[in-house]
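A.B. asks: One structure coming up, written as structure tokens, with questions to follow.
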């Protein structure tokens, strides 16, 4: 979204920042072929370098893949040695399976609460729980019950309740599993 503000030398600065600060992940980075006017080749250049940095520092990546899931999958396959999460996943079940095989988790938030999100709701109902992360993407992507409002992290419980209902499982069990997934991915205690 801020492609015009970035310069190639920012990647060198990012390398130094990663060395100094030792974060738990790199991102959000990725590809967005939905927003008009964003140069796809420039996006690709930054994305590949960011993935290479994640691999160099052995960091998970938080990925953005808007109308670009297949290309994101192909790129992480080509770079290799990566793990992470595709946040606000909106792809198909087959794309999700490809990501799981590559060691990536699927992040789901507000959109799962909309009854018209048939594909996402079918995916979450049957997907292996060890590949699921819950998110809000606050302040964006408000929940169905909060249309037009600023999204807040405090509403994650509503995402959890929707996922539990769709899976026919206890919300506490889903919360424990997805918390474990986040801790495992990001190396948290």
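A.B. asks: Give the residues of segment 101-115 that are touching a helix residue (DSSP H, G or I) at 6+ places or on another chain (Cβ under 8 Å) and under 19 Å from residue 84 (Cβ atoms), sorted by residue number.
C.D. replies: 102, 104, 105, 106, 108, 109
A.B. asks: When segment 1-27 is examined, which residues are found to be under 19 Å from the mean Cα position of the chain (by Cα) and modelled with pLDDT of 95 or more?
C.D. replies: Matches in segment 1-27: 23, 24, 25, 26, 27.
Table: residues versus (1) out of contact with any helix residue (DSSP H, G or I) (no Cβ under 7 Å at 6 or more places or on another chain); (2) over 16 Å from residue 100 (Cα atoms).
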position	(1), (2)
15	no, yes
22	yes, yes
54	yes, yes
67	yes, yes
73	no, no
86	no, no
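The values are calculated or read from the model by the stated rules, or taken from the named source; none is laboratory data. The shown structure was predicted, so the numbers you read here are calculated from the model rather than taken from an experiment. Because the Cβ atoms are built from the backbone with ideal geometry, glycine has one as well, and the counts that use them run over all protein chains shown.
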